[in-house]
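To start, the structure itself, in structure tokens.
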Amino acid sequence: MSVATADRPGFALLGGVQATLIFTIMILSVPLPLVAREFGLGPSGVLLLSAAYGLSFSALLLLGGRLTDRHGGRRLLRVGLALLGAASIACALAPGYPVLLASRFAQGVGAALAAPAAVAVVRVLRPEPADYRRAMAAWGGLSVLGATAGNLLSGAVAAWVSWRWLFAVPVLVALVGLARSGSLPLADPAGRPPADPPGRPSADRRPALDLPGAALAAAGVCAASYGLVASTEHGWRSPGTLLPLAAGLALLLAFAAVERRTADPLLPPGFLADRRRATALAAVMATAAGTALTFLLLALYLQQVRGWGVLATSAAFLPYAAALLTAGRLAGPLTARYGAVAVTAGGLAFAAAGLGLLAGLASGSDYATGLLPGLLLLPAGAAAAFAGAAVLATAGVPPERTGLAAGVLNTAMELGPTAGVAALMALAATRPSVVGGYATAFAAAGAALALTALAVATLARATPEAATETDTAPERTIQIKEHLS
């Protein structure tokens with residue numbers, strides 16, 4: 001029996017965790033107006049509630065990655081799942097808005113610990129480079145699958161039972177993960193089997209915990225992300241937008257300065273200098289922004305313009321989910337055969353074409369001819385783009401920095417919707433008609449994906465080894481380790 005076959009239950013468990021973490025982002029996407037009516041929320045309350053999970057998730061991912069590299073993936077996975085489960089129970093039982101808001105922030109903290117830890121355990125499950133690349137190709141599609149499932153189930157559960165029952169999903173996954181985590185392999189912070197007592201790696205192998213950098217990164221990402229989200233309500237010239245944006249930028253600049261002077265930085269400056277990694281992260285951000293925009297705008301269009309209910313709105317995305325599942329199954333074999341660069345570039349091009357079709361949206365657009373073609377093409381391309389980009393973003397990373405790579409990858413996945421959707425919604429607001437603004441936003445998102453596809457395609461010419469993924473050569477690994485040091 002091959003290693004990949006033997007560890008299939010463990011990989012399925014970790015994949016389920018990753019999909020659930022992204023599912024939880026979308027858990028209130030469709031029923032948010034119902035929650036707002038129940039708690040009597042105004043626009044500001046709705047805005048903060050919709051962003052709370054993503055803010056804490058994205059702000060703490062780098063710290064979660066460093067803690068994973070320091071203490072080991074299995075331990076951090078347990079801590080993250082325990083916090084996610086407890087916070088999800090609090091969400092379901094929340095008697096009012098303050099408790100629900102605080103619990104959503106706590107969910108994001110648990111997710112920020114669990115996401116990089118899960119990738120670190122995958123690295124131990126699949127130690128061979130070829131197996132690990134195949135695993136990461138599948139991993140890339142799990143995120144968009146989780147978002148799609150959240151969008152589909154949120155409307156159905158809210159219509160049939162109550163939005164509170166949606167939080168049963170992360171609670172159940174957390175309980176299963178905690179119960180079965182003992183079967184997952186241990187590893188020290190370098191990704192090797194433990195030489196010390198289980199779960200207690202020796203101090204001399206632990207990377208230092210850059211607390212000043214962690215605090216600056218978390219505060220900077222959170223402030224800047226909130227400013228971007230607030231722009232959709234307050235506008236770009238409002239103090240409510242400019243002040244958090246300015247504060248976030250200042251904090252991130254301070255973070256960059258601290259990292260250059262720290263012996264063991266939270267995010268080594270050279271880590272993002274690799275062209276393949278930087279381009280792959282841009283692809284993740286652009287694709288995540290395009291898919292999040294589609295969920296948001298089509299939910300608004302179908303409910304507010306066409307008068308559909310929450311259940312019918314969720315059902316409209318069933319073909320999207322089917323195309324996503326089909327493309328996700330093909331993405332891994334295609335990546336293995338044609339290389340991560342080709343699959344990423346091709347996926348981005350298909351997704352851009354899907355958004356281009358949705359840019360033809362009009363007030364009377366028919367679902368079958370006006371929406372369905374885009375809803376089939378976009379997820380097919382997104383699944384391929386995420387799969388290839390996940391391979392590129394983590395290729396050549398030494399085992400002791402797996403948590404860091406996973407944290408950066410997930411940060412890009414979180415910041416894409418936050419920054420991209422805010423900018424695209426601001427662009428949509430410049431149009432006199434609501435539907436015309438939606439069409440403009442779809443067109444701009446498609447153009448961004450097309451440009452990113454061109455940037456990824458140039459990698460094959462600029463770095464030929466990227467197209468064939470030959471980073472497993474010993475001399476290449478040594479060069480990467482020296483570059484990251």
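The values are calculated or read from the model by the stated rules, or taken from the named source; none is laboratory data. Source: prediction; values computed, not measured. Counting neighbours? That spans all protein chains shown, and the Cβs are built from the backbone with ideal geometry, glycine included. Only protein heavy atoms, including side chains, enter the accessible area calculation; ligands, DNA and RNA are left aside. Shrake-Rupley method; radii C 1.70, N 1.55, O 1.52, S 1.80 Å.
Structure data summary
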item: Percent of Cα pairs exceeding the 22 Å cut-off, where the set is the stretch 239-342; result: 62
item: Per-pair calculated FRET efficiency, R0 = 30 Å: Leu242 and Val434 via Cβ, rounded to 0.05; result: 0.75
item: Options (1) -0.44, -0.86, -1.47; (2) -0.56, -1.01, -1.36; (3) -0.49, -0.93, -1.44 - which one matches log10 I(q)/I(0) by the Debye sum over Cα atoms at q = 0.08, 0.11, 0.14 Å⁻¹ as calculated here; result: (1)
item: Point-to-point label distance, Ala362-Leu172, nm (Cα→Cβ direction, 7 Å offset); result: 4.4
item: Residue-normalised accessible area of the chain, given per residue in Å² at a 1.4 Å probe; result: 38
item: Cα long-axis angle, helix 129-160 against the chain (0 to 90 degrees, to the nearest 10); result: 30
item: Accessible area (Å², 1.4 Å probe, nearest 10) - Leu41; result: 40
item: Helix-derived mean residue ellipticity, 222 nm - over the chain, DSSP H n ≥ 4, -39500 (n - 2.57), to 500; result: -25500 deg cm²/dmol
item: Fully extended contour minus Cα-Cα distance, from Val99 to Ala455, at 0.36 nm per residue; result: 123.7 nm
item: Net length gained if the chain between Arg260 and Arg37 were fully extended (0.36 nm per residue, minus Cα distance); result: 75.5 nm
item: Distance between modelled label sites at Trp165 and Leu325, nm, 7 Å Cα→Cβ extension; result: 2.1
item: Furthest towards positive pole of dipole, Ala263, Leu300, Leu355, structure part the stretch 254-355, Cβ charges; result: Leu355
item: For the stretch 328-430: rounded, prolate or oblate by the Cα gyration tensor [a/c cutoff 1.5]; result: oblate
item: With every protein chain in place, the stretch 129-181: carbon and sulfur % of accessible area (1.4 Å); result: 75
item: Relative contact order, percent, the chain [alpha-carbon distance under 8 Å, six or more residues apart]; result: 22
item: Protection-proxy order for peptides 23-31, 427-435, each taking the mean of Cβ atoms within 10 Å per residue, highest first; result: 23-31, 427-435
item: In range of the label at Arg8: residues from the stretch 114-134 whose backbone nitrogen is under 20 Å from the point 7 Å along Cα→Cβ; result: 122-128, 130-134
